[in-house]
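Throughout, read-outs are computed from the coordinates displayed, never taken from laboratory work. Since the model is a prediction, treat every value here as computed from it, not as a measurement. Every residue, glycine as well, gets a Cβ built from its backbone with ideal geometry; the counts of neighbours run over all protein chains shown.
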């Protein structure tokens with residue numbers, strides 16, 4: 001299904017570019033072709049979950065980037081909970097500070113996060129922070 005969709009979008013973009021070259025300036029056409037190509041790339045993972053924040057966030061939390069970043073934050077904080085000061089290494093978790101959550105497309109496109117937006121909490125404090 002994705003191949004068919006990609007093929008149709010490519011044909012439409014090529015046809016539109018050909019039609020526009022006869023009516024508009026070539027520089028503008030090149031810009032429109034680049035935008036059409038970017039739209040095809042962004043639309044590639046077309047499925048029912050494209051706008052589902054939790055789906056993309058969970059996928060991000062399973063990525064190497066997140067594991068590396070969370071490890072760096074825990075190391076920066078000395079493997080100590082910044083709320084209760086517990087220092088049990090195996091129970092530490094990285095937590096996003098309030099107001100630093102991203103939109104779903106941020107995680108879908110795997111854009112980088114900043115270490116200063118994260119803090120180390122023990123498992124118990126992390127659960128309390130989320131009200132669980």
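Structure summary
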item: Inter-site label distance for residue 97 and residue 82 at 7 Å from Cα along Cβ, in nm; result: 0.6 nm
item: Cα→Cβ-extended label distance, 7 Å offset, between residue 67 and residue 123, nm; result: 1.8 nm
item: Mean separation of Cα contacts under 8 Å, 6 or more apart, over the residue count of segment 53-129: relative contact order %; result: 41 percent
item: Sequence of 120, 100, 80 once ranked by neighbouring C-beta atoms within 10 Å, starting from the fewest; result: 100, 80, 120
